[in-house]
1. Considering only DSSP beta bridges whose two residues both sit in the range 16-150, what percent are antiparallel, to the nearest 5?
2. Can you give the local net charge around Y381? Use residues other than it whose beta-carbon is closer than 13 angstrom to its beta-carbon, Lys and Arg +1, Asp and Glu -1.
3. Over the chain, what relative contact order in percent results from Cα pairs under 8 Å that are six or more residues apart?
4. Can you give the charge dipole size of the range 205-380 about its Cα centre, rounded to the nearest 20 debye, using +1 on the beta carbon of Lys and Arg and -1 on the beta carbon of Asp and Glu?
5. Could you compute the FRET efficiency for E289 and W184, with r as their C-beta to C-beta distance and R0 at 35 Å, rounded to 0.05?
6. In the range 205-380, with Lys and Arg counted as +1 and Asp and Glu as -1 at Cβ, which of these residues, P376, G342, I220, has the Cα nearest the positive end of the dipole, that is, farthest along it?
7. Quick one: putting +1 on the C-beta of Lys and Arg, -1 on the C-beta of Asp and Glu, what dipole do you get for the range 304-365 around its Cα centre, in Debye to the nearest 20?
8. Where is the GNM fluctuation largest for the chain (alpha-carbon springs, 10 angstrom cutoff): S100, S320, S305?
Amino acid sequence: MRIAKICVNRCPLMPLGGKDTGGMHLYIRELSQELGRMGVEVDLFTRWHSSMDSEVMEIGDRVRLIHIAAGEQEDILKTDIYQCLPQFTSNLRRFIESESATYNLVHSHYWLSSLVGKQIQDGLGIPHIATFHTLGEVKNRVRPAEMEPDLRIEAEKMAIASADRVIAVSAEEKHDLVNIYEAWPDKVEVIPCGVDLGLFQSKDKAKVRRELGLPEHSKILLFVGRIEPFKGIDIILRSLACIGEKKDLQLLIVGGDADSDGELSRLRSLASELGIEEMVTFWGAVEHEKIPLLYNAADICVIASYHESFSLVAVEALASGTPVVAPRVGGLSTVITDGETGYLIDNRSIEGFTRHLQRLLGDDELRQRMGHAARPSVMKYAWPIVARQVLSIYEELTTAQVPLMP
């Protein structure tokens, strides 16, 4: 079986934690490599972004990353990528023709890629699977201050209507696809994201802290993710300021790139206004392979996003044996078992975060109990299990005489 995967916006090999590079790109890379290990040939098409990268790169067994010329050969904003899509699609087709390549299906990731996936579906007469990772209308409803363009909403609706399958990463996302976007329920398959259980596992906390140069006896909160308003880092800072006992308490904020400077400046100013600047350390982007050390060094991982379709950060933290405090939104309520592996906060309230953080910080036995329960709760998200579920959809579509359509 040979699959074409489309990820137009940002190369999956780019460092994680930047403004436009996060869990989706890790998901695409890890899923592609796991499928390759299962014998599937995967060509992953993305937009070129640097003259330092080859057009074709081997990134795993049977997995190629292919940079397609479209627009300037540099990183550009997601909002500008739409203008490059006709050129991207044309050059992608030219590449396929030059290799006389045949594909069993195309799998697109994110709304921009779904537009390309539809063109490839029509041109090659093969099934199209779409995974959106986030949905524009859902983001608009939870944070109206940063409205997604109508163009995105319409593109998502078109892809949902025309795709042979849509993969949702949680039951909550399927609910949104069906009830907001009017997707045909039988077309939507729920398959969660995966986690590398070999990379993310529990380690000796004292040893890890010495390795990272962190104080052994401090209480450490950890945020990992993109540095943008949608991630709600200001909520974490305000909650930290409300915690009664702050002695030896630290917050590590991991993520960000040059495009995040404006939001980082705002957060630093807020920390100063709240009088907690000495308790907050901005680590910037960290290599993915080193993130497990930070999860193990932390007492609690904190998430405050307005919405998460799934949250790889939560799964990685739990796999490392670290409890998570997060809002009861999207897929987080699927990943975290409230009161057992962490706490879910209603309405993203500062009071709720403060109360539950204080409770966990002040009760070593409770934290340890949650930590012990954390890893077993996410074993079902191991990449081989997740990839097998995705492959079963591929096999169903490529053996069916007629794609399933409403």
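Readers should treat all values here as calculations from the given coordinates under stated rules, not as data from a laboratory. Since the model is a prediction, treat every value here as computed from it, not as a measurement. Please note: Cβ atoms are built from the backbone with ideal geometry, for glycine as well, and neighbour counts cover all protein chains shown.
1. That works out to approximately 35 percent antiparallel.
2. That works out to -1.
3. On the way: 772 pairs, mean separation 65.5, N = 406.
So the answer I get is 16 percent.
4. In debye, rounded to 20, the range 205-380 gives about 400.
5. Working: r = 41 Å, r/R0 = 1.16.
The calculated FRET efficiency here is 0.30.
6. P376
7. Working: 4 positive and 9 negative charges, 47 e Å.
It works out to roughly 220 debye.
8. Sorting by GNM fluctuation, first place goes to S100.
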